[in-house]
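**Student:** My questions will all concern the structure given below.
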Amino acid sequence: MTTAARPAPAPRINVLRTIAIYKLLKVLLLLALAYGEVRLHDASLIAKLAVWASERPSGVEHDLVTNLLHWFSGLSTARIHALRIVTLSYAAVFAVEGVGLWMQKRWAEWLTVIITASLIPLEVWELIFRPTVGKALVLVANTAIVIYLVWHVRSRGRP
């Protein structure tokens, strides 16, 4: 009498779940950005940030905070609302991708391939005209994700 061979249990953290964690981290960053944008409507917070930046006359943090406050103060109400909608929309899409990938759903793999691949040309354009190490790393990570997921989905065959 032979027993049927059981498949080995899937590892708890595999490549799909690693990608899911990456997507969910993006959700957290976007939600923090949206929260920060809402908080910037508070005049006392803007004053505190301006004082904080003026106390540091040189350095990255001074330039970053000064540029952010200058950019944000130039936005109209309509643009602020558009920024909030875009930020929260991206967070929602990344959340759906992340949860679907965590649950190892095939539709999430395809969704992630389509959305991530569609953003790669924008990332290339951004890297050409305003190159930074961070943008290059994001481009490499997203390209690797697309390549892996296409290989993964095609190697599993049809459901």
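**Student:** Report the extension gain between ARG56 and VAL133 in nm, rounded to one decimal, defined as 0.36 nm multiplied by the number of residues separating them, less their alpha carbon distance.
**Tutor:** Values: separation 77, 0.36 × 77 = 27.72 nm, distance 2.48 nm.
Contour length minus the Cα-Cα distance gives 25.2 nm.
**Student:** How much accessible area does TYR35 have with a 1.4 Å probe, in Å² rounded to the nearest 10?
**Tutor:** We get 140 Å² for TYR35.
**Student:** Accessible area per residue, 1.4 Å probe, Å², for the chain: what's the number?
**Tutor:** Numbers: 11080 Å² over 159 residues.
Per residue, the chain has 70 Å² of solvent-accessible surface.
**Student:** Now, a different point. Under 24 Å between alpha carbons, and skipping anything fewer than 8 positions from LYS105 in its own chain: which lysines qualify?
**Tutor:** Straight-distance partners of LYS105: LYS23, LYS26.
**Student:** Report the full-extension gain for the segment LEU45 to VAL153: residue separation times 0.36 nm, less the Cα-Cα distance, to one decimal in nm. Each step should come with its number before you reach the end.
**Tutor:** On the way: separation 108, 0.36 × 108 = 38.88 nm, distance 4.78 nm.
Computed gain between LEU45 and VAL153 is 34.1 nm.
**Student:** Once label points are set 7 Å from the Cα along Cα→Cβ at both VAL124 and SER89, what is their separation, rounded to one decimal in nm?
**Tutor:** 2.4
**Student:** Let me ask you something else. Based on the Cβ-Cβ distance of TYR22 and TRP71, what FRET efficiency does E = 1/(1 + (r/R0)^6) give at R0 = 25 Å, to the nearest 0.05? Show your work: numbers first, answer last.
**Tutor:** Numbers: r = 27 Å, r/R0 = 1.09.
Plugging the Cβ-Cβ distance into 1/(1 + (r/R0)^6) gives 0.40.
**Student:** Related question: Only one of the listed values, [x] 8.5; [y] 11.6; [z] 13.3, was derived from the coordinates as mean projected area of the Cα convex hull in nm²; which label is it?
**Tutor:** Checking each listed value against the structure points to [z].
**Student:** Further, regarding this structure: Using the basic label-point model (7 angstrom from Cα toward the beta carbon), what is the TRP107 to THR143 distance in nanometres?
**Tutor:** Placing both labels 7 Å along Cα→Cβ, they lie 3.2 nm apart.
**Student:** Continuing with this model, one more query. Mean separation of Cα pairs under 8 Å and 6+ residues apart, divided by the residue count of the chain: what relative contact order is that in percent? Write out the running numbers ahead of the final one.
**Tutor:** Working: 98 pairs, mean separation 44.0, N = 159.
For the chain, the relative contact order is 28 percent.
**Student:** A follow-up question, please. In a GNM of the chain with a 10 Å cut-off on Cα contacts, which of GLY100, GLY134, GLY36 has the highest mean-square fluctuation?
**Tutor:** Comparing GLY100, GLY134, GLY36 in a Gaussian network model of the chain, the most mobile one is GLY134.
**Student:** Most fluctuating residue of ARG130, ARG39, ARG79 in a GNM of the chain with Cα springs under 10 Å: which is it?
**Tutor:** Among ARG130, ARG39, ARG79, the largest mean-square fluctuation in the Gaussian network model of the chain belongs to ARG130.
**Student:** For region 24-97 and region 126-159, what is the centre-to-centre distance using only Cα atoms, to the nearest Å?
**Tutor:** Value for the Cα centre distance between the two parts: 27 Å.
The values are calculated or read from the model by the stated rules, or taken from the named source; none is laboratory data. A quick note: this is a predicted structure, and the numbers were derived from the prediction, not measured. Glycine gets a Cβ as well: all are built from the backbone with ideal geometry, and neighbour counts include every protein chain shown. When the accessible area is computed, the model is the full protein with side chains, heavy atoms only, and any ligands, DNA or RNA have been set aside. Shrake-Rupley method; radii C 1.70, N 1.55, O 1.52, S 1.80 Å.
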